[in-house]
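The values are calculated or read from the model by the stated rules, or taken from the named source; none is laboratory data. All values reported here derive from a predicted model rather than from experimental measurement. Methodologically, a virtual Cβ is constructed for each residue, glycine included, from the backbone with ideal geometry; neighbour enumeration extends over all protein chains shown. The accessibility values were calculated without ligands, DNA or RNA, using every heavy atom of the protein model including side chains. Shrake-Rupley method; radii C 1.70, N 1.55, O 1.52, S 1.80 Å.
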Amino acid sequence: MPPPYLGNAFDPSRRRLLIGVGATLLLSASGMLGLATGAMDPQRMRTTMTERYGHQGAQTLDAWLNLLRKLEGRDIADQLKGVNDFFNRRVRWLDDSQIWDEEDYWATPLETLGRGAGDCEDYSIAKYQTLKKLGVPGERLRMIYVRARLGRSSITQAHMVLGYYATPGVEPLVLDNLLPTILPAGERDDLSPVFSFSSDGLWAGGSSESLAIPTQRLSRWRNVLLRMSAEGFL
């Protein structure tokens, strides 16, 4: 999807979607929970990156692993900023049709790092998975689909950001690929949330409970988890 201009703050009338991490619906016995929470295999990841992207791919993986080592045990503010900056600086925004010759492709973090390019979903997925590797609880993170207002106009277009919820019931901090600063949702009135999801559930409207198992409703999310597992990421 094309990169929207992002201004100041979430539309307060739509903020209900982002307030309150209520009861979550865990992934079922389909085996997807294991994919979402499994341990990574650095050697298989290195093999994947070298085979697909050569020596430069292996170097990029080393930079990502060094990021994990650097941020391990740091406070959450440092981890959020470090991860947000890492992907925003290393990954160039490009449309899926330019990278993958597909209209809408959700890339794994290794694919995003290997290509050095991605769109908003790819940034959000990579940041989400990296923060989970650092030990940030999954219930504090959600990938959020929004409608982003273009400048001062009334025109909006689809976009995805990552939300971090310090505690249940508070508005999230927003990690975005187009702004270097992590801001509270209340300072992003250019964004109107549509729905949010994680490996734990899928939320829409003002609901505080998960409406569905995301791997059943979001085939692209299921597919990206399967590819991450094959790469050794999960």
Report task. Select from the stretch 194-222 the residues that are under 15 Å from the mean Cα position of the chain (by Cα) and at pLDDT 85 or above and write down the one among them that is most open to solvent (accessible area, probe 1.4 Å). Result -> R220
Requested in this report: Could you tell me which numbered condition R142 fails, if it satisfies all but one of (1) in a loop (DSSP other than H, G, I, E, B); (2) in contact with a Pro (Cβ under 8 Å, 6 or more places away or on another chain); (3) farther than 21 Å from W93 by Cβ?
Outcome: (1)
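Checking the conditions here, which among V161, V174, V170 is in contact (Cβ under 8 Å) with a residue 12 or more places away in the chain, β-branched (V, I, T) and under 19 Å from R220 (Cβ atoms)? So that I can check it myself, show each step before the final result.
Values: V174 fails: under 19 Å from R220 (Cβ atoms); V170 fails: under 19 Å from R220 (Cβ atoms).
Exactly one residue qualifies, and that residue is V161.
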Report task. Please verify whether the stretch 81-91 includes one or more residues that are assigned to a loop (DSSP other than H, G, I, E, B) and on the phi < 0 side of the Ramachandran plot. Result -> yes
Report summary line: D96 passes all but one of the listed conditions (1) at pLDDT 95 or above; (2) among the charged types (D, E, K, R); (3) open to solvent by 20 Å² or more (accessible area, probe 1.4 Å); the exception is number (3)
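Select from the stretch 50-72 the residues that are in contact (Cβ under 8 Å) with a residue 60 or more places away in the chain and in a helix (DSSP H, G or I) and write down the one among them that is farthest from A117 (Cα to Cα). Reasoning before the result, please.
Let us first name the residues in the stretch 50-72 that are in contact (Cβ under 8 Å) with a residue 60 or more places away in the chain, namely 52-53, 64, 67-68, 71-72.
Subsequent filtering for residues that are in a helix (DSSP H, G or I) retains 52-53, 64, 67-68, 71.
On the way: R52: 15, Y53: 13, W64: 15, L67: 19, L68: 20, L71: 23 Å.
Out of the qualifying residues, it is L71.
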